[in-house]
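Since the structure comes first, as structure tokens, the remarks are kept for the end.
The values are calculated or read from the model by the stated rules, or taken from the named source; none is laboratory data. Given the structure is predicted, the values throughout are model-derived calculations rather than measurements. Neighbour counts run over all protein chains shown; Cβ positions are idealised from the backbone, glycine included. For the accessible areas, the whole protein counts, side chains as well, though only heavy atoms, and no ligand, DNA or RNA atoms are used. Shrake-Rupley method; radii C 1.70, N 1.55, O 1.52, S 1.80 Å.
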Amino acid sequence: MELVLPRLARRLHKQLQRYHSGELDHHSFSRNFESLLQRQYAWLSKQGVPQAEAAIAIHAGVLILSSPGLRAEAEQLGLPLEVIEYRAVCQAADDIARNYAVAKTRAIRQITAIVAQYAE
């Protein structure tokens, strides 16, 4: 995660700046974000990280970087932050379980452990 977070954060920040400045519309931002995640995944794979572990790291990184948005969503919905975070973790674990030979419960445990380690 020490490698993933800074790389992902820098690139995501650049995309967000372009989106907020009006240089990118929602569709373009989403497409660029998806491309960014795919490049990060490919980079991790080239570094020797197994595919499933790379996917878990990328999903966890996105959740860590999304924590302000998750907090805002929890506040807006009047729900505890943990409920919103758990939903996000489960969605990420569903994606990993569908695309890799990883049990959803294992993906949930790994993502949760990473997110907890880097929580503010």
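Pick out the one residue from A107, A42, A97, A57 that is modelled with pLDDT under 95, more than 17 Å from A119 (Cβ to Cβ), open to solvent by less than 50 Å² (accessible area, probe 1.4 Å) and of a type in the set (A, V, I, L, M).
Going through A107, A42, A97, A57 in turn, just one is modelled with pLDDT under 95, more than 17 Å from A119 (Cβ to Cβ), open to solvent by less than 50 Å² (accessible area, probe 1.4 Å) and of a type in the set (A, V, I, L, M): A42.
Among the listed residues I56, I64, identify the single one that is touching a residue at least 12 places away in the same chain (Cβ under 8 Å), within 18 Å of V89 (Cα to Cα), assigned to a helix (DSSP H, G or I) and touching a Phe, Trp or Tyr at 6+ places or on another chain (Cβ under 7 Å).
I64
If we keep just the residues of the range 45-54 that are open to solvent by 40 Å² or more (accessible area, probe 1.4 Å) and of a type in the set (G, A, S), which is modelled with the lowest pLDDT?
Going residue by residue through the range 45-54, those that are open to solvent by 40 Å² or more (accessible area, probe 1.4 Å) are 45-51, 53.
Now drop any that are not of a type in the set (G, A, S), which leaves 45, 48.
Values: S45: 88, G48: 93.
For the range 45-54, the residue satisfying everything is S45.
Here is a check on your reading of the model: is A74 touching a Pro at 6+ places or on another chain (Cβ under 9 Å) and either assigned to a helix (DSSP H, G or I) or open to solvent by 60 Å² or more (accessible area, probe 1.4 Å) (or both)?
On the way: touching a Pro at 6+ places or on another chain (Cβ under 9 Å): yes; either assigned to a helix (DSSP H, G or I) or open to solvent by 60 Å² or more (accessible area, probe 1.4 Å) (or both): yes.
In short, yes.
Kindly evaluate V83 against the criterion of being open to solvent by less than 50 Å² (accessible area, probe 1.4 Å) and part of a helix (DSSP H, G or I).
Numbers: open to solvent by less than 50 Å² (accessible area, probe 1.4 Å): no; part of a helix (DSSP H, G or I): yes.
No; evaluated as a whole, the condition is false for this residue.
For the structure I just gave you, tell me whether V102 is more than 13 Å from the chain's Cα centre (by Cα), among the β-branched types (V, I, T) and more than 15 Å from L5 (Cβ to Cβ).
Details: more than 13 Å from the chain's Cα centre (by Cα): yes; among the β-branched types (V, I, T): yes; more than 15 Å from L5 (Cβ to Cβ): yes.
Judged against the criteria, V102 is a match.
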